[in-house]
Every structure is written in structure tokens, then in C-alpha cells.
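Input: a single structure, listed below in C-alpha cells.
The values are calculated or read from the model by the stated rules, or taken from the named source; none is laboratory data. All values derive from a computational prediction rather than experimental measurement. When we count neighbours, we look across all protein chains shown, and the Cβ atoms used for this are built from the backbone with ideal geometry, even at glycine.
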Amino acid sequence: MTTSQAAVPYTGEIIAKILDAMIVAARAAEGVIAAGATRRGDLVWQSKGLADYLTEIDTSSETLIRHEITNALNADFPDLRVLGEESWRDEPLPRGLAFVVDPLDGTTNFLHGIPAYSVSIAAIHDTEPIVALVLDIPHGELYTAVRGMGARLNGIPLHVSQISDPEKALIGTGFPFGENADAVRYARQFVPIARTTSGIRRAGSAAIDLAWVAGGRFDAFWELRLSPWDMAAGILLVREAGGIVTGIDGMPATIETAPLVAGNPAMHGWLLDVLHGAEGSGT
């Protein structure tokens, strides 16, 4: 039995309570973010690094999510941790139940009025995602997944695409940016994929990218560098929708894996082969 198949010591009732708390928290954050969208021009951009920004909306959303989840679940889990992007301090992932939160995934899109940003929340047990939520705010799309129980979009079951021909495939990605961008490595990967497929898209929110793989909009996805809050929910969404998520080495992904490769079974295998070929062509 693999780690991802190991039994989780929670009843169905508790899992439902966890998911309900996550939905309430995401909806509360949605209100903060929607209100912030009406005053984008007044928001102060705070730099976290080269080309990496946050605003009071990110921090307010995270604070509210933490408050809602803690209040809802503290009686059952007094020691639970809520690990958010804006307060993460390179701390080790805890054992037992914890929550990994991106309070506004796609902040740059949000600041420019581009309608591709989301709230991402994952409940993890011993670092393994067990409940996932991605709320695509501009489009009103709520993606959820429970390990072993499938993935859903606004309550309707999701499944990855059936496309197996690369020439018909649409691939998602995330472009390198900031101080640690490895543009040369990415370019080696990009060229053979662009030459072979029907297109490559960058939404600007990895949580949405992975949700779109789960829903069959993208046939596969890869990105060189992601953080746990970017992908914890998306990994479970893709797996529960019938897809595969691994590292570039082909090993099952964890929420700390980078680079990340996801897709329906056929396109995941194809993309992995192309990436291996590109890695081998480097000097």
C-alpha cells in the first residue's frame, strides 16, 4: 500500500465537516477578494521578491480563512495548523491534520484585472492531501475533491479528458519568473511541446491550471517551480478526476514536488517523455 492509498483515520462525518469548513472559509475569502477588485487602483503592491507581489487583500483573505477553519474545527482538532502562503516561514509540514492555503492564487492577474485568480485550500493528513478545494472567483466555479470519492465542479462529477493524440492536446504551463527563473531550461522544454500540440496556455494560477486538468480543459500541465500552497489542492483534484500527477522523475507527486507534471493518463505519459528528451538535450 502506497502512502497515497493509506487509510485516513477520519469518519465520513468528519470529512464532510472538514469540507464544509473549507467551503465556508473560501466563500468568506471570496467576499474580501471581490470587494478588493472594486478598488484595485488604491491597493498598495508589496514586494515579496522580484516580480512577486501581494496586497492587503492576500493577507486579509488568509486571516479570514484561518479564522473560519479554526472556529469550525477547533473542538475536534484543537492542535490543527493552517499554513498560508503569506505567513509561511519555511516551516516543516506538520503531522496529523493541517490545512495548506493560497488565499489568492494569481495575485498578478487580480491586480491587472485579468479574470483568472482563485482561492486554494487543501486539508492534508501527514502531508498527504485528503480534501481539496479551488474556487475560481471570476467564473464562480467551485472545484472540490475528497480522497477516494472523486472530484466535482459545482457539485457535478469531474473527469480528465480522453484525448490521447498530442496534436489535439491543449497543454497548461506556468512560465518561469522572478529571481530563480530557469528560462533556458524551460525554453528547451517549451519548444518540442509547442511544435507537437494544438497549443500551450498559461492561466497564471497553478490552482486553476490543475483544476482545468481535472475537468478536461487542459489535457496535461507542467511547471518547473511550485510551492505547496500552489498545488496541494490541485494534486488531489487531478488524481480524483482520474489523472496522474508526478514529478519529472515519474514518481508520484507530493505537495513539495518540483517540477510537477499532471495530465490524463495518455497525455501525462507523453508529456513526461517529451520533458525527459528535453532534459537530455541540455548542455
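Quick one: count up the residues across region 52-84 that are farther than 30 Å from Thr11 by Cβ and touching an Asp or Glu at 6+ places or on another chain (Cβ under 8 Å).
Total meeting the criteria: 3.
Of all the residues that make up region 229-269, how many are in a helix (DSSP H, G or I) and crowded, with 22+ Cβ neighbours inside 10 Å? Talk me through it step by step, then tell me what you get.
Residues of region 229-269 that are in a helix (DSSP H, G or I), as a first pass: 229-240, 265-269.
Those left that are additionally crowded, with 22+ Cβ neighbours inside 10 Å: 229-240, 267-268.
Of the residues in that region, 14 qualify.
Return the residues of region 161-188 that are touching a strand residue (DSSP E or B) at 6+ places or on another chain (Cβ under 7 Å) and surrounded by 13 or more Cβ atoms within 10 Å (Cβ to Cβ); say none if nothing qualifies.
Of everything in region 161-188, those that are touching a strand residue (DSSP E or B) at 6+ places or on another chain (Cβ under 7 Å) and surrounded by 13 or more Cβ atoms within 10 Å (Cβ to Cβ) turn out to be Ala169, Leu170, Ile171, Gly172, Thr173, Gly174.
On the given criteria, is Asp58 at pLDDT below 90 and surrounded by 20 or more Cβ atoms within 10 Å (Cβ to Cβ)? Don't jump to the end; show me each part of the working.
On the way: at pLDDT below 90: yes; surrounded by 20 or more Cβ atoms within 10 Å (Cβ to Cβ): yes.
For Asp58, the condition - at pLDDT below 90 and surrounded by 20 or more Cβ atoms within 10 Å (Cβ to Cβ) - is met.
Out of all the residues in region 224-250, which are of a type in the set (D, E, K, R) and within 22 Å of Leu83 (Cα to Cα)?
Our first condition is that a residue be of a type in the set (D, E, K, R); within region 224-250, this holds for 225, 230, 239-240, 249.
Matches in region 224-250: Arg225, Asp230.
Quick one: which strands (runs of 3 or more DSSP E) lie wholly within region 72-177 and hold at least 3 residues that are at positive phi?
Per the criteria, no element qualifies.
Given the criteria farther than 18 Å from Gly269 by Cα and of a type outside the set (Phe, Trp, Tyr), does Ala203 qualify?
On the way: farther than 18 Å from Gly269 by Cα: yes; of a type outside the set (Phe, Trp, Tyr): yes.
Taking the combined requirement at face value, the residue satisfies it.
Output the residue which, of all residues in region 219-228 that are farther than 18 Å from Pro129 by Cβ and crowded, with 24+ Cβ neighbours inside 10 Å, is farthest from the chain's Cα centre (by Cα).
As a first pass, look at region 219-228 and keep what is farther than 18 Å from Pro129 by Cβ: 219-220, 222, 224-225.
So of that shortlist, the ones also crowded, with 24+ Cβ neighbours inside 10 Å come out as 219-220, 222.
Working: Asp219: 16, Ala220: 14, Trp222: 12 Å.
Only one residue fits best here, namely Asp219.
Residue-wise test of (1) closer than 12 Å to Val160 by Cα; (2) within 11 Å of the chain's Cα centre (by Cα).
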position: Ala233; (1), (2): no, yes
position: Glu240; (1), (2): yes, no
position: Glu256; (1), (2): no, no
position: Pro259; (1), (2): no, no
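Looking at region 272-283, can you tell me whether even one residue there is crowded, with 24+ Cβ neighbours inside 10 Å and not β-branched (Val, Ile, Thr)? Steps first, answer last, please.
Start the filter on region 272-283 by keeping residues that are crowded, with 24+ Cβ neighbours inside 10 Å, which leaves none.
No, the conditions are met nowhere in region 272-283.
Looking only at region 38-54, count how many residues are modelled with pLDDT of 70 or more and in contact with a helix residue (DSSP H, G or I) (Cβ under 7 Å, 6 or more places away or on another chain).
Selection size over region 38-54: 2.
Of the residues Gly155, Gly199, Gly204, Gly215, which is free of Cβ contacts under 8 Å to residues at least 60 places away in the same chain and either closer than 30 Å to Leu111 by Cβ or buried (at least 18 other Cβ atoms within 10 Å of the Cβ) (or both)? Can you show your working first?
Values: Gly155 fails: either closer than 30 Å to Leu111 by Cβ or buried (at least 18 other Cβ atoms within 10 Å of the Cβ) (or both); Gly204 fails: free of Cβ contacts under 8 Å to residues at least 60 places away in the same chain; Gly215 fails: free of Cβ contacts under 8 Å to residues at least 60 places away in the same chain.
Among Gly155, Gly199, Gly204, Gly215, only Gly199 is free of Cβ contacts under 8 Å to residues at least 60 places away in the same chain and either closer than 30 Å to Leu111 by Cβ or buried (at least 18 other Cβ atoms within 10 Å of the Cβ) (or both).
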